[in-house]
Amino acid sequence: MLHQPADAVVVGGGVIGLGIAWRAAHAGMTVTVVDEAPGRGASWAAAGMLAPVTELHYGEDELLALNLASAARWPGFAAEVEEASGQPVGYRPGGTLAVARDADDIAALEDLYRFQLRCGLDVQRLRSRECRQLEPGLHPSIRGGVLAAGDHQVDNRALVLALLGACERAGVRMLAGRVAELATQADRVTGVVLAGGEARSAGTVVLAAGCWSGGLGGLAAEALPPVRPVKG
């Protein structure tokens, strides 16, 4: 069977793949998403944390700048997805409270807190009583905490459902299946080959298969992302 080439084929139907597919279709492109279970995988199992401040680690200054820029765009993105889909995404800008349970936790939290301050981030050191005022469910033995007011969260499962709805409204085609390899010609990706051997041509191929991206055939090893699936 011959298939009309799509303007774009997106390999992977998680939050990133669906978001790209929706934007591309909204811009007038014909788009196909290939995924065995669109909206599931890591995007379904995630915790929905949008916490560039709380999850900061040493040596990640450049990543922090990228994460903060991304976080600043989230309110607008969430509103656009809700408008495009007619479904809520559960976006909440309520901040993150990191707490310490013992002396070791206190020492680690204090160290991170000082590093966050040096990075110019909006963080506040709280005592045990202040932590429990913010979150009454905490045990009285909590030793203290740090509040990152700028962190936020999203209901990731509601988000993928809304993105699926937005994609459907925009005319994105969902193809249930697995991409085995990327088709190439003269050092250019020209489409994908499905696990069953069926080829699909596309002007643009977007690789958004997450941890499975490194296992695709068709590209030189140095061109594939060095990622693999791990638990947790």
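The values are calculated or read from the model by the stated rules, or taken from the named source; none is laboratory data. Because the structure is predicted, anything quoted here is derived from the model rather than measured. Virtual Cβ from ideal backbone geometry, glycine too; neighbours counted across all protein chains shown. In case anyone asks, the SASA skips ligands and DNA or RNA and just uses the protein heavy atoms, side chains included. Shrake-Rupley method; radii C 1.70, N 1.55, O 1.52, S 1.80 Å.
Tell me, which residue of the stretch 9-27 that is open to solvent by 70 Å² or more (accessible area, probe 1.4 Å) and over 18 Å from the mean Cα position of the chain (by Cα) is nearest to Glu80 (Cα to Cα)?
The selected residue is His26.
Do you know which of the residues in the stretch 95-108 that are crowded, with 18+ Cβ neighbours inside 10 Å and of a type outside the set (S, T, N, Q) is modelled with the lowest pLDDT?
Among them, the one singled out is Gly95.
Just a yes or no: is a residue in the stretch 145-164 of a type outside the set (Phe, Trp, Tyr), part of a helix (DSSP H, G or I) and in contact with a Leu (Cβ under 6 Å, 6 or more places away or on another chain)?
yes
Would the stretch 98-113 turn up any residue that is in contact (Cβ under 8 Å) with a residue 24 or more places away in the chain, in contact with a Leu (Cβ under 9 Å, 6 or more places away or on another chain), not in a strand (DSSP E or B) and not polar (S, T, N, Q)?
The answer is yes; a qualifying residue exists.
Can you tell me how many residues within the stretch 76-92 are surrounded by 15 or more Cβ atoms within 10 Å (Cβ to Cβ) and in a loop (DSSP other than H, G, I, E, B)?
4
Within the stretch 177-192, does at least one residue satisfy the condition of being exposed (fewer than 12 other Cβ atoms within 10 Å of the Cβ) and assigned to a strand (DSSP E or B)?
So far as the stretch 177-192 goes, yes, one or more of its residues are exposed (fewer than 12 other Cβ atoms within 10 Å of the Cβ) and assigned to a strand (DSSP E or B).
Could you run through the stretch 140-173 and say how many residues are touching a residue at least 40 places away in the same chain (Cβ under 8 Å) and open to solvent by 70 Å² or more (accessible area, probe 1.4 Å)?
7
Give me the pairs, please: first residue somewhere in the stretch 28-49 and under 20 Å from His152 (Cβ atoms) and open to solvent by less than 50 Å² (accessible area, probe 1.4 Å), second residue anywhere and among the β-branched types (Val, Ile, Thr) and not in a helix (DSSP H, G or I), beta-carbon distance under 9 Å, and either six or more positions apart or on two chains.
Taking only residues 6 or more apart or on different chains, the pairs are Gly48/Val154.
Out of all the residues in the stretch 78-89, is one or more more than 15 Å from Gly145 (Cβ to Cβ) and polar (S, T, N, Q)?
Scanning the stretch 78-89 turns up at least one residue that is more than 15 Å from Gly145 (Cβ to Cβ) and polar (S, T, N, Q).
Can we say Arg125 is surrounded by 14 or more Cβ atoms within 10 Å (Cβ to Cβ), among the basic types (Lys, Arg) and without any contact (Cβ under 8 Å) to a residue 60 or more places away in the chain?
yes
Failed condition for Ala223, given (1) at pLDDT below 95; (2) more than 23 Å from the chain's Cα centre (by Cα), with all others met?
(2)
If we scan the stretch 195-217, do we find a residue that is open to solvent by 40 Å² or more (accessible area, probe 1.4 Å), among the charged types (D, E, K, R) and under 26 Å from the mean Cα position of the chain (by Cα)?
Looking through the stretch 195-217, none of the residues is open to solvent by 40 Å² or more (accessible area, probe 1.4 Å), among the charged types (D, E, K, R) and under 26 Å from the mean Cα position of the chain (by Cα).
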